[in-house]
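**Q** One structure coming up, written as structure tokens, with questions to follow.
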Amino acid sequence: MVIGDPCSGNYFQFMSSMFPNCEHGDVTVDLYGCDSCNRMDINDMKAWGDFEDGSFVVMETGVLGFSVDVEAVLGEIKRISGGDFLSAGGNRGFLWVNYLYKTYSKDLNFSMDPFDSRKDDYFSGIKLGQKGSFRLKF
């Protein structure tokens, strides 16, 4: 499963379509995805129930920044992945974290650190526009 449409993006969409950051998965989840995507809001806990426990290796490409409750979404990813989860993380540059994220989307809440369940125990990131970070046991 890929969370995040690999062939679209907010900034420079034409570049994403020509040079996607990955391929589509057996299932690709993205609210505004292309025709190959399952257009699902990651915050819809009922929609996650459509996927069986341990049914996918999950790769996420920055969409978790749109989580309203990152702990609940991460719990569903852990359930579906059986613990096999990779996240590309988000942009952590000073200008992005303090200013530029506002030009990307008003719904962006977090910037995540990269995560690899094969070696990381904690999923972490920062709350955009607020002081503070989070660190969740995976």
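The values are calculated or read from the model by the stated rules, or taken from the named source; none is laboratory data. Fair warning: this is a prediction, and the values are worked out from it, not measured in the lab. Note that each Cβ is placed from the backbone with ideal geometry, even for glycine, and that neighbours are counted across all protein chains shown.
**Q** If you go through the stretch 127-137, how many residues are assigned to a loop (DSSP other than H, G, I, E, B) and modelled with pLDDT of 95 or more?
**A** Qualifying residue count for the region: 0.
**Q** Quick check: is even one residue across the stretch 42-57 surrounded by 16 or more Cβ atoms within 10 Å (Cβ to Cβ) and either modelled with pLDDT under 85 or small (Gly, Ala, Ser) (or both)? So that I can check it myself, show each step before the final result.
**A** Narrowing the stretch 42-57 to residues surrounded by 16 or more Cβ atoms within 10 Å (Cβ to Cβ): 42-43, 48, 51, 56-57.
The next check asks that each one be either modelled with pLDDT under 85 or small (Gly, Ala, Ser) (or both); those that pass are none.
The answer is no, given that none of the residues of the stretch 42-57 is surrounded by 16 or more Cβ atoms within 10 Å (Cβ to Cβ) and either modelled with pLDDT under 85 or small (Gly, Ala, Ser) (or both).
**Q** Against the conditions (1) more than 15 Å from GLY4 (Cβ to Cβ); (2) of a type in the set (S, T, N, Q); (3) modelled with pLDDT of 90 or more, where does ASN98 fall short? Just the number, please.
**A** For ASN98, the failing item is (3).
**Q** For residues that are over 16 Å from the mean Cα position of the chain (by Cα) and crowded, with 16+ Cβ neighbours inside 10 Å, tally how many sit in the stretch 114-123.
**A** Qualifying residue count, the stretch 114-123: 0.
**Q** Sticking with this structure for a sec: Kindly evaluate GLY75 against the criterion of being at pLDDT below 90 and surrounded by 15 or more Cβ atoms within 10 Å (Cβ to Cβ).
**A** Values: at pLDDT below 90: no; surrounded by 15 or more Cβ atoms within 10 Å (Cβ to Cβ): yes.
No: the conditions fail for GLY75.
The rows are residues; the columns are (1) buried (at least 17 other Cβ atoms within 10 Å of the Cβ); (2) farther than 17 Å from VAL63 by Cβ; (3) touching a Cys at 6+ places or on another chain (Cβ under 6 Å).
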| residue | (1), (2), (3) |
| --- | --- |
| PHE85 | yes, no, no |
| ASP107 | no, no, no |
| MET112 | yes, no, no |
| GLY125 | yes, no, no |
| ARG135 | no, yes, no |
